[in-house]
1. Could you please let me know if residue F:68 is touching a Pro at 6+ places or on another chain (Cβ under 8 Å) and not basic (Lys, Arg)?
2. Go through (1) part of a loop (DSSP other than H, G, I, E, B); (2) in contact with a Pro (Cβ under 9 Å, 6 or more places away or on another chain) for residue F:35 and report which single condition fails.
3. Against the conditions (1) surrounded by fewer than 22 Cβ atoms within 10 Å (Cβ to Cβ); (2) out of contact with any Lys or Arg (no Cβ under 9 Å at 6 or more places or on another chain); (3) farther than 20 Å from residue E:118 by Cβ; (4) of a type in the set (A, V, I, L, M, F, W, C), where does residue F:50 fall short? Just the number, please.
4. Would segment A:79-94 turn up any residue that is of a type in the set (Phe, Trp, Tyr) and within 29 Å of residue E:43 (Cβ to Cβ)?
5. Quick one: count up the residues across segment F:81-101 that are of a type outside the set (Lys, Arg) and within 16 Å of residue A:2 (Cα to Cα).
6. Residues that are out of contact with any helix residue (DSSP H, G or I) (no Cβ under 8 Å at 6 or more places or on another chain), modelled with pLDDT of 95 or more and closer than 27 Å to residue B:107 by Cβ: does segment E:107-126 have at least one?
7. Restricting attention to segment C:10-29, which residues are under 25 Å from residue E:97 (Cβ atoms) and not in a helix (DSSP H, G or I)?
8. Which of the residues belonging to segment D:9-19 are surrounded by fewer than 18 Cβ atoms within 10 Å (Cβ to Cβ) and aliphatic (A, V, I, L, M)?
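The values are calculated or read from the model by the stated rules, or taken from the named source; none is laboratory data. Predicted model only: the values in this text are computed from it and were never measured. We place every Cβ from the backbone using ideal geometry, glycine too, and count neighbours over all the protein chains shown.
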There are 6 protein chains.
Amino acid sequence: MKLIEYADANAEVRAVYDDIMTKRKTDYINNFWKALAHDPATLKRTWESIQQVMGAGELDPLIKELLYIAVSVTNGCEYCIASHTASARVKGMSEGMFGELMAVVGMANETNRLVAGYRVPVDERFKD
Amino acid sequence: MKLIEYADANAEVRAVYDDIMTKRKTDYINNFWKALAHDPATLKRTWESIQQVMGAGELDPLIKELLYIAVSVTNGCEYCIASHTASARVKGMSEGMFGELMAVVGMANETNRLVAGYRVPVDERFKD
Amino acid sequence: MKLIEYADANAEVRAVYDDIMTKRKTDYINNFWKALAHDPATLKRTWESIQQVMGAGELDPLIKELLYIAVSVTNGCEYCIASHTASARVKGMSEGMFGELMAVVGMANETNRLVAGYRVPVDERFKD
Amino acid sequence: MKLIEYADANAEVRAVYDDIMTKRKTDYINNFWKALAHDPATLKRTWESIQQVMGAGELDPLIKELLYIAVSVTNGCEYCIASHTASARVKGMSEGMFGELMAVVGMANETNRLVAGYRVPVDERFKD
Amino acid sequence: MKLIEYADANAEVRAVYDDIMTKRKTDYINNFWKALAHDPATLKRTWESIQQVMGAGELDPLIKELLYIAVSVTNGCEYCIASHTASARVKGMSEGMFGELMAVVGMANETNRLVAGYRVPVDERFKD
Amino acid sequence: MKLIEYADANAEVRAVYDDIMTKRKTDYINNFWKALAHDPATLKRTWESIQQVMGAGELDPLIKELLYIAVSVTNGCEYCIASHTASARVKGMSEGMFGELMAVVGMANETNRLVAGYRVPVDERFKD
């Protein structure tokens with residue numbers, strides 16, 4: 001799967017690349033975007049959605065990165081773990097925070113399975 | 001899978017139930033623990049691990065609940081989603097925070113798959 | 001999704017039902033087969049494969065049931081957990097064995113994620 | 001993610017490394033432990049849990065390794081498959097046993113999905 | 001999780017509900033949208049993305065529904081399987097097509113795991 | 001895991017290899033089959049099942065390849081994605097079709113999780 005560099009990109013793709021570089025204050029485009037560039041519509045939609053979803057809100061952008069990592073680890077997505085661990089560090093994730101994140105993710109995966117195996121019924125009080 | 005009530009529990013199980021009720025300041029034991037009580041060693045180990053992992057550290061206990069939910073949603077564990085959503089609310093999760101949590105979890109699951117499908121190679125700069 | 005009862009089944013489906021009842025020495029057909037009966041080719045292929053795979057070999061049929069449960073718990077398949085837990089009990093699974101099975105499955109799911117999150121490289125000695 | 005070698009480890013980590021080498025009668029520490037060493041609390045807890053869970057009980061340690069592999073294959077954890085396949089071989093897993101293990105894991109993953117897709121209701125007799 | 005009915009929805013949510021009803025030529029709103037309505041931004045973004053992604057293109061809308069079901073079955077999402085199976089039927093999915101879809105999904109899940117367990121290296125010819 | 005080449009294969013394995021080469025009009029055997037050859041019974045059963053499942057029926061073989069990819073991406077199986085993407089291209093998958101496939105797979109994975117997190121109840125009308 002060839003990555004599409006700026007020089008080889010069409011106008012629609014370049015517009016997204018330009019927006020990424022401007023908003024992120026960088027001249028580097030991640031491989032993820034260079035791969036999605038094969039489908040400009042998905043590239044554009046994903047970039048717009050990411051900005052809407054990952055920006056500051058009631059949850060801090062760092063917390064959102066940690067949540068992203070939690071999902072990516074559970075799905076075993078190596079690329080996503082690598083890139084979002086880097087992003088989280090830039091946003092302030094310490095080694096201690098990473099360790100606690102991993103511990104929670106590991107524990108949740110363990111207890112999710114114990115619940116399934118023991119077929120635990122949802123408590124009445126958790127039903128709504 | 002029968003749930004083991006306090007009245008029917010052996011001494012080892014009761015000791016864990018007592019500890020849960022004391023530390024959580026409640027007289028209610030979740031179905032999860034009543035199911036695990038079939039295997040007292042796993043009950044005890046899991047309760048001890050949960051306390052070590054989910055307590056306050058560099059990450060706030062509320063953030064840990066959000067991470068737990070992120071994993072449970074990704075694994076589709078209904079019980080875990082229901083019980084930890086309740087816990088997160090008790091610890092201060094607002095409706096807005098829940099909405100943002102879901103949006104991040106959904107987006108991460110989407111992009112995890114896009115990465116896999118497009119077989120995106122890890123950027124050199126994310127390799128260590 | 002309607003279940004197909006013997007009385008409503010065509011000859012191809014009945015032949016499989018008859019074979020199941022004969023080989024399993026029972027007059028009960030599990031819902032799984034009654035659902036697959038919507039696609040007789042898949043019903044037949046699956047029944048033949050199950051017999052080849054789950055029968056005695058170098059691994060005991062009980063061990064194979066435990067492996068089946070381990071997978072089903074990891075995938076969160078409630079039906080499969082329920083039916084194969086029942087089968088495993090018939091084949092001799094004790095409460096203690098079930099508890100150990102769950103503990104291993106939980107632990108493996110936890111460490112699988114720790115490995116992913118910490119991006120642990122495969123040791124040279126495990127490479128072949 | 002740098003692996004932490006014995007020479008660079010703190011006292012808490014060295015204590016675990018020493019215990020692993022003593023109990024396993026080896027001077028080799030797997031990369032898994034060297035990665036977890038970034039978080040000594042998780043390293044210690046995981047090592048203690050592994051010993052409790054994977055040791056001899058009503059299930060043989062070899063069977064527990066097979067269960068571990070079944071989960072790891074279902075989760076697609078390459079490291080875990082490689083390291084536990086090696087462990088299982090040391091404990092007596094033959095080529096024939098490995099082949100049967102894979103066949104069961106493959107079949108269970110297939111039927112788990114058939115059950116989901118056909119939305120098979122749990123048989124009354126499997127409900128408790 | 002309370003579903004938000006039209007009568008209780010705010011203007012932003014009603015605008016999406018109106019658009020769904022108009023474009024789908026129905027007065028029925030699926031529970032999915034009524035649940036997402038708790039987060040109007042996610043509701044709007046998801047509805048817009050769904051239209052962009054699931055509409056006619058080089059792939060027929062029916063084929064897209066089949067792909068949706070394949071993913072939902074693999075993830076074990078009961079709601080998604082139920083609702084998209086219904087949609088697929090409306091778009092022309094026959095019983096035979098559904099049976100073939102399930103057979104492929106089952107087989108792919110089986111071989112995905114065989115590949116993982118046997119640690120099959122990607123053939124040189126499939127590398128780009 | 002050593003791949004078994006034709007020259008080193010026993011008669012049972014060679015018979016399958018010969019059949020693959022004849023039916024696929026090629027002299028190339030994929031690594032997948034060379035790995036499965038460690039277990040001739042699974043090799044034979046899988047090859048026969050693949051032919052039954054992936055051949056022309058009410059669904060076109062190309063559509064079946066797309067479904068296979070959808071599952072493999074959801075499971076994160078790199079080998080399967082690589083080999084079936086190649087097969088799909090041979091059968092006529094265009095770049096545009098691949099882009100739409102990825103968009104649907106990504107979206108389905110996202111909404112599957114939103115459904116789980118919001119605990120959306122199945123609509124009455126989708127219950128049968």
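1. Values: touching a Pro at 6+ places or on another chain (Cβ under 8 Å): no; not basic (Lys, Arg): yes.
In short, no.
2. Tallying (1) part of a loop (DSSP other than H, G, I, E, B); (2) in contact with a Pro (Cβ under 9 Å, 6 or more places away or on another chain), residue F:35 fails exactly one: (1).
3. For residue F:50, the exception is condition (3).
4. First, the residues of segment A:79-94 that are of a type in the set (Phe, Trp, Tyr): A:79.
Okay, now just the ones that are also within 29 Å of residue E:43 (Cβ to Cβ), so none.
Scanning segment A:79-94, I find no residue that is of a type in the set (Phe, Trp, Tyr) and within 29 Å of residue E:43 (Cβ to Cβ), so the answer is no.
5. Let us first name the residues in segment F:81-101 that are of a type outside the set (Lys, Arg), namely F:81-88, F:90, F:92-101.
From what is left, the residues that are within 16 Å of residue A:2 (Cα to Cα) are F:81-82, F:85-86, F:94-96, F:98-99.
Qualifying residue count, segment F:81-101: 9.
6. No: segment E:107-126 contains no residue that is out of contact with any helix residue (DSSP H, G or I) (no Cβ under 8 Å at 6 or more places or on another chain), modelled with pLDDT of 95 or more and closer than 27 Å to residue B:107 by Cβ.
7. Going residue by residue through segment C:10-29, those that are under 25 Å from residue E:97 (Cβ atoms) are C:10-17.
Result: C:10, single match.
8. First, the residues of segment D:9-19 that are surrounded by fewer than 18 Cβ atoms within 10 Å (Cβ to Cβ): D:10-12, D:14-15, D:18-19.
D:11, D:15, listed by residue number.
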